[in-house]
Amino acid sequence: MESVHAVLIDIDGVLTVSWEPLPGAVEALRRIRASGLGVALVTNTTSRTRASIAATLSGAGFPVDAEDILTAPAVTAAYLAERHPGARCTLLNSGDIAEDLAGVTLLDDTGAGTGTATDTDTVPDVVVVGGAGPEFGYAALNRAFGHLQRGARLVAMHRNLYWRTDRGLQLDSGAFLLGLERAARTEAEITGKPAPAFFETALARLGVGPGEALMVGDDIESDVLAAQRTGITGVLVKTGKYLPESHRAASGEPDHVLDSFANLPALLDAAAGR
């Protein structure tokens, strides 16, 4: 902890819930910024672009801009360019994230005219799954299943089963992803957390090694333990989607557990001997 030079921070459930700041979160992030530590907000959120997220957070008082934010869609665009160059993709997602999928060829197989290309007869090379919402109805899921049966690859931005809102826990795309994998007898390529490449991208942006960073999250598996497996110090907060039963049943133990993000500056100060 005394060698920490950068902090990776999940957004939803750590800094905010339904985009409303959690108590003490704004001041805590200001203190971390003032200490000179590097900061990256790393999120599996797929409903908003980096620019939109930055505008919402800065409007709430958080000292951040778009360059501080790394989203699963942005990482997915880079992943597709590297692993599936030139691929024709169909996107199943709730929210407009086209801005963060720059360079990705999106087919509109719904006939709704919302993609960058329209061809309902073309079988995509890749089915890309983002975050769940009303768009995840039978017709859309069955259409994706058909593409997979005809040879399309399956790329998913995350495996989150649920997330926390001001209305409680809400079902996320991980639940649907399991069904698609089982039915199509395939396995998704995951680009967001908990994929190691996601954390490595964040570290590279900050110019630090795993031993110089810590990760703060409310998801013990995808945020904290996944980061720890890459050598990053893990900090679990008891807000957002945190559930005691999930903590007890987890595949490992976090390096640190805090009641909330508001307690992080004190932990950092204690480690630094301040």
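The values are calculated or read from the model by the stated rules, or taken from the named source; none is laboratory data. Just so we're clear, the structure is a prediction, and the values are computed from it rather than from any experiment. Reconstructed Cβ throughout: ideal geometry from the backbone, glycine too, with neighbour counts over all protein chains shown. The accessibility values were calculated without ligands, DNA or RNA, using every heavy atom of the protein model including side chains. Shrake-Rupley method; radii C 1.70, N 1.55, O 1.52, S 1.80 Å.
Laid out as a table, the results:
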quantity: Solvent-accessible area, 1.4 Å probe, carbon plus sulfur percent, for segment 37-109; calculated: 48 percent
quantity: Principal semi-axes in Å for segment 65-177 [√(5λ), Cα gyration tensor, largest first]; calculated: 22, 18, 13
quantity: Of all DSSP beta bridges in the chain, antiparallel share, percent nearest 5; calculated: 15 percent
quantity: In segment 126-164, trypsin sites (Lys or Arg not before Pro) in a DSSP loop with at most 13 other beta-carbon atoms within 10 Å; calculated: Arg150
quantity: Rh by Kirkwood over Cα pairs, then Stokes-Einstein D for segment 111-262 at 0.692 mPa s and 37 °C, µm²/s; calculated: 190 µm²/s
quantity: Principal semi-axes in Å for segment 220-274 [√(5λ), Cα gyration tensor, largest first]; calculated: 20, 14, 8
quantity: Antiparallel %, DSSP beta bridges [both residues in segment 123-274], to 5; calculated: 25 percent
quantity: Of the trypsin sites (Lys or Arg not before Pro) in segment 181-226, those whose Cβ has at most 16 other Cβ within 10 Å and which sit in DSSP loop; calculated: Arg185
quantity: Average accessible surface area per residue within segment 5-126, 1.4 Å rolling probe, Å²; calculated: 41 Å²
quantity: Quarter of the Cα convex hull surface for the chain, i.e. its orientation-mean projected area (nm²); calculated: 14.0 nm²
quantity: Linear extension gain, Ala78 paired with Arg150, 0.36 nm per residue minus alpha-carbon span; calculated: 23.4 nm
quantity: Hull volume in cubic angstrom per residue (convex hull over the Cα atoms of segment 1-99); calculated: 119 Å³
quantity: Crossing angle, helix 196-206 versus the chain [Cα axis fit, 0-90 degrees, rounded to tens]; calculated: 50 degrees
quantity: Heavy-atom accessible surface of segment 200-274: percent carbon and sulfur, 1.4 Å; calculated: 49 percent
quantity: DSSP-loop GluC sites (Glu not before Pro) across segment 1-110, with at most 13 other Cβ within 10 angstrom; calculated: Glu2
quantity: Average Cα contact separation per residue, the chain, under 8 Å, 6 or more apart, as relative contact order %; calculated: 21 percent
